[in-house]
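Read through the structure below, which is laid out as structure tokens, and then see the notes.
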Amino acid sequence: MHGQKIYSDNERYKHYKKKKNRKRRGVFIIAVCSVVLLFLSFFVSQKIFEPKVNNEKPNAITKSNKKNDTKSGGSIIKLSLKTNEQEIKFAQPLANEEYQSADPEKCVYLTFDDGPSKSVTPLILDTLKKYNVKATFFVIGSMAEQSPDLLKREHDEGHTIGNHTYSHKMNLVYSTPEACVAEYEKSEGVIKSILGQYDSKLIRFPGGIFDTDKNRLIYRQALVNAGYHYYNWNCSDQDSDGRVPSGGYASSVLLDWVKRTSLVGNTTGQRLIVLMHDAPAKKTTAEALPSIIEYFQSKGYKFKILR
């Protein structure tokens, strides 16, 4: 047969071995690549879906979807702060409801909710005294019963005492309008029993009450009818935003939240009401307070108390 090469048995065997080895190497390479791709896909999915919130400073901020109620001016701005780990989104309310008159001065109102507590409130009071700054404390009646001396100290050192319900239990406070009013009346009775004369009707609702939250408007109206007046906030250190890691945000992160929300949440550029907490677990809030005060001082703000 002309043109066809004749192989010996030995050559045919060598050719067969080479072909088989190439096939084995190909299978091995495919298997290795499959394992590597499987590992990489698992690693990437963990990074994407693992819920991490750490103490790194937010490094970007955006705002969107501003909703307004033109009847009474209540508003919420949706904010998005990005850390190196993830994007954190929250709703930042604007404190411009009808019970908050405009202030011509550039002023800031420091407010603390959920106390008094033996572990945090004294630290906050010491800092306020050092900087000669007055603040507003929205106290929980049951907490005041446990620390009447701290409530007296807040009052004696010239701070405003506000009412933040007796129990702060959402399912009770917002069960019926009557139960909501009863919560504040019970807390008011506790405050009066400790301070003696106390006729303030200043309150803050747990979680705030804004015109965009239609389900809570009946509770606001019930308290207004009972003679109370309330304050929300338009700036926050986010020390109780539902994503706080164990041990709390670092004080530097809390300061950064205050800086950023003060720029976004304040529509007038003049009046800031800052939400913070002096509950037992908020030790980093006490640590951040000196730097927060110094920041507002550097920006020319005058400190005032709510009335």
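Throughout, read-outs are computed from the coordinates displayed, never taken from laboratory work. Small disclaimer: the values here were computed from a predicted structure and weren't measured. Neighbour counts are summed over all protein chains in view; Cβ atoms, including those assigned to glycine, are modelled from backbone coordinates with ideal geometry.
For the cross-link pairs 186/214; 118/283; 201/302; 129/283; 118/186, which exceed 19 Å when the distance is taken from alpha carbon to alpha carbon?
186/214; 201/302; 118/186
What does the charge add up to near residue 192, with Lys and Arg as +1, Asp and Glu as -1, over the other residues with Cβ less than 14 Å from its Cβ?
So the environment of residue 192 carries a net charge of -1.
Once you have the Cα-Cα distance between residue 192 and residue 132, take 0.36 nm times their residue separation minus that, and quote the gain in nm to one decimal.
Taking residue 192 through residue 132 to full extension adds about 19.0 nm, to one decimal.
Modelled label-to-label distance, residue 107 and residue 217, 7 Å Cα→beta-carbon offset: nm?
3.0
Let's test the formula: R0 of 45 Å, r as the Cβ-Cβ distance of residue 299 and residue 175. What FRET efficiency results, to the nearest 0.05?
My answer for the efficiency is 0.60.
Work out how much length residue 153 to residue 118 would gain on full extension: take 0.36 nm times their residue separation and subtract the Cα-Cα distance, in nm to one decimal.
11.4 nm
log10 I(q)/I(0), Debye, Cα-only segment 147-222, no solvent, q = 0.16, 0.25 Å⁻¹?
For the requested q values the scattering log ratios are -0.61, -1.15.
Stretch residue 229-residue 243 to full length: gain in nm at 0.36 nm per residue minus the Cα-Cα span?
2.1 nm
Just want the answer: with Cβ charges of +1 for Lys and Arg and -1 for Asp and Glu, which residue in 120, 207, 132 is farthest toward the dipole's positive end in segment 112-219?
Checking the options against the dipole of segment 112-219, the answer is 132.
If r is the Cβ-Cβ distance from residue 146 to residue 307 and R0 is 22 Å, what FRET efficiency results, to the nearest 0.05?
Efficiency at R0 = 22 Å is approximately 0.25.
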